[in-house]
Amino acid sequence: MKRWFCVLLAAPALWAEPVVADLGWLAGHWRAERGGAVIEEVWTAPEQGNMTGMFRMLQEGRVVFFELFSAEDSIGGAVVYLRHFRAGLLALEDREKPMRWAVEEVSAGLLVLRRFDDRLAPAKLTYRLEGDELVATLERPQGGEEAVSEYRYRRAGKP
């Protein structure tokens, strides 16, 4: 009887959901250049179950668009809330409902997010460290086909 009790107490640790603290390796200021555009992502260090950040794309002396996002601990694991904006801080999506991405997998140097939003097609966003580069790969349906966008960032500084 005592053995089963010990096994049951230990079992939840085997299926622990990802938490924001697991994403600490991503903190910092990341910068890339692609097709004449400058692309940046900034992630704050995890604190009290939260990381906040931004993405922006600059081209020809202007902001093409930017995102604000927040990774938060939630029941069932960490979730990333994201919203796109254009100049003037005008939201591109529904003002009351940011996109929601579930943390599907996380380890040292790997983060896989899945969009779970009933208004939008499913999408997958993967971050992985490759040497001194952060590689972000976005996979999503576009025009009836699977579109894949890849961004290769180098660390520009700490937040």
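Quick notes
- Qualifying residues in the range 36-50 (those that are part of a loop (DSSP other than H, G, I, E, B) and at pLDDT 95 or above) - the one farthest from A21 (Cα to Cα): T44
- Look at the range 74-91: where a residue is on the phi > 0 side of the Ramachandran plot and a partner is at pLDDT below 90, sitting 6+ places away or on another chain with Cβ atoms under 8 Å, you get G76/E17; G77/E17.
- Scanning the range 103-136 for residues that are over 18 Å from A71 (Cα atoms) and either small (G, A, S) or free of Cβ contacts under 8 Å to residues at least 60 places away in the same chain (or both) turns up D118, R119, L120, A121, P122, E130, G131, D132, E133, V135.
- Meets criteria (more than 13 Å from the chain's Cα centre (by Cα), modelled with pLDDT of 95 or more and surrounded by fewer than 16 Cβ atoms within 10 Å (Cβ to Cβ)) for E17: no
- Search result, residues across the range 33-73 that are among the acidic types (D, E), in contact (Cβ under 8 Å) with a residue 24 or more places away in the chain and closer than 22 Å to D117 by Cβ: E41, E72, D73
The values are calculated or read from the model by the stated rules, or taken from the named source; none is laboratory data. Note that the coordinates shown come from a computational prediction; the quantities given were computed from them, not determined experimentally. FYI the Cβ positions are ideal-geometry reconstructions off the backbone, even for glycines, and counts take in every protein chain you see.
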